[in-house]
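The values are calculated or read from the model by the stated rules, or taken from the named source; none is laboratory data. Here the structure is a predicted model, which means the values were calculated and not measured. A quick note on method: Cβ atoms are made from the backbone with ideal geometry, for glycine too, and the neighbour counts reach across all protein chains shown. Remember, those area values only see protein heavy atoms, side chains included, never the ligands or the DNA or RNA. Shrake-Rupley method; radii C 1.70, N 1.55, O 1.52, S 1.80 Å.
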Amino acid sequence: MADVLSQNEVESLLSALDPSASSGGGGSSRPSTRNNDFNSQISIYDFKRPERVSKEQMRAFRALHESFSREFGAALSGMLRSIIEVKLISVDQLTYSEFVFSLENPTCFNLLESETLDGHIILDISPSIIFPIIDRLLGGDGNSQGAYPNRALTEIEIRLVSRITGLAIEGIESAWSNLCDWKLRVSQVESNPQLVQIVPPNEVIVLISFEVTMGETRGIINLCIPFNTIEPLSNKLTSDTWSAYKKKSPDMRQQLNLEASVSKSKINLKVDLDNSKLTAGEVLNLAVGDVIMCNKGSAQSLTVELEGSPVFTAYPGVYKGHKAISIEKMLAIPKDIIEARVKASEMAQA
């Protein structure tokens with residue numbers, strides 16, 4: 001039978017775990033509890049690393065790159081003919097030096113340059129996923145089982161990786177299209193991240209990390225955006241403006257202006273009287289005053305075309321000495337006409 005500890009032994013064990021507690025127990029535990037509660041409410045703030053990116057802007061970054069991860073994953077799946085999952089795992093702000101020293105060496109370190117904004121951004125692809133992707137592009141199964149070469153990429157491999165970075169650039173530009181036209185291009189590819197210094201070591205950057213899954217292989221893709229690069233767009237990354245970019249209600253004034261402009265547009269209207277056939281000799285012998293017999297009677301309706309599409313049926317007549325038509329009914333609505341033209345265009349291209 002196991003020994004039962006006495007009360008003194010229990011208090012001795014508790015005092016050994018908590019050196020601040022006195023051996024007498026009792027009343028000395030209350031101040032310690034109050035101190036622990038007070039310390040739990042204190043958050044450490046480092047004045048050497050001020051948080052330049054607000055929480056609202058960080059939420060905007062997350063929303064932007066969640067859509068990027070979906071588009072990039074779909075594009076990768078189409079290129080590699082395999083199921084690729086790209087998932088956003090974190091959005092953090094830290095210094096550039098912390099980011100660089102956290103990367104593997106060697107790695108696939110792509111420096112991207114923007115034509116519209118001053119500065120660069122970095123797209124880092126870890127070797128644990130880039131070598132399986134290269135293997136897949138060269139005809140393999142892409143299953144490295146955790147074994148990948150510890151070396152820099154060759155020139156041929158860099159050319160193959162450029163297809164992946166091209167897809168990533170398209171996804172980034174698409175995700176940011178409502179806020180800015182990035183116009184990115186790869187200006188440099190390095191294997192040692194410590195050789196590239198785009199901003200001072202203590203400069204704040206936004207680090208967006210994605211997990212790429214291809215079968216049993218997993219790897220990390222990091223997107224590093226220095227705050228100085230996107231500082232001109234900081235006012236567009238607040239919650240109010242970001243929601244306005246995503247959901248914009250129609251302006252009544254703009255709607256009325258559009259309706260007024262469209263109502264003044266001229267369209268081609270044609271009334272199909274008949275489809276009678278004449279020989280070439282009959283056409284040559286036609287003269288002023290000749291009568292051409294039609295297959296349709298005066299009580300039959302005619303087809304009215306708008307821009308080449310049959311829309312109405314009408315009856316011919318005269319109004320105040322002018323030839324006129326009286327609309328009978330509508331054959332098709334504009335939506336049906338648009339759908340028919342789209343299908344006809346798709347069939348013609350196929």
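Averaging Cα coordinates gives a centre for the range 129-203 and one for the range 71-94; these two points are 13 Å apart. When H322, H120 are compared by accessible area of protein heavy atoms, the largest-first order is H322, H120, using a 1.4 Å probe.
Taking K and R as +1 and D and E as -1, what net charge do the other residues with C-beta under 12 Å from the C-beta of M293 add up to?
Details: positive: K277, K296; negative: D274, E282, D290.
Summing Lys and Arg as +1 and Asp and Glu as -1 gives -1.
Mind checking the log10 I(q)/I(0) for the range 103-218 at q = 0.17 Å⁻¹? Debye, one equal scatterer per Cα, no solvent, two decimals. Rounded to two decimals, the profile gives -0.92.
What the phi angles of the range 99-112 give under the Karplus curve with 6.51, -1.76 and 1.60, with θ = phi - 60°, is a coupling list of 5, 5, 6, 8, 8, 6, 9, x, 8, 9, 10, 9, 9, 9 Hz, glycine and proline written as x.
Site pair K183 and V318 shows an inter-label distance of 6.6 nm when each label is modelled 7 Å from Cα along Cα→Cβ.
Neighbours of C180, meaning other residues whose beta-carbon lies under 10 angstrom from its beta-carbon, give a summed charge of 0 when Lys and Arg score +1 and Asp and Glu score -1.
Can you check what the net charge comes to around S162, using other residues whose Cβ is under 12 Å from the Cβ of S162 (Lys, Arg +1; Asp, Glu -1)? Don't jump to the answer; show the numbers that get you there.
Working: positive: R159, R163, R185; negative: E155, E157.
With Lys, Arg at +1 and Asp, Glu at -1, the net is +1.
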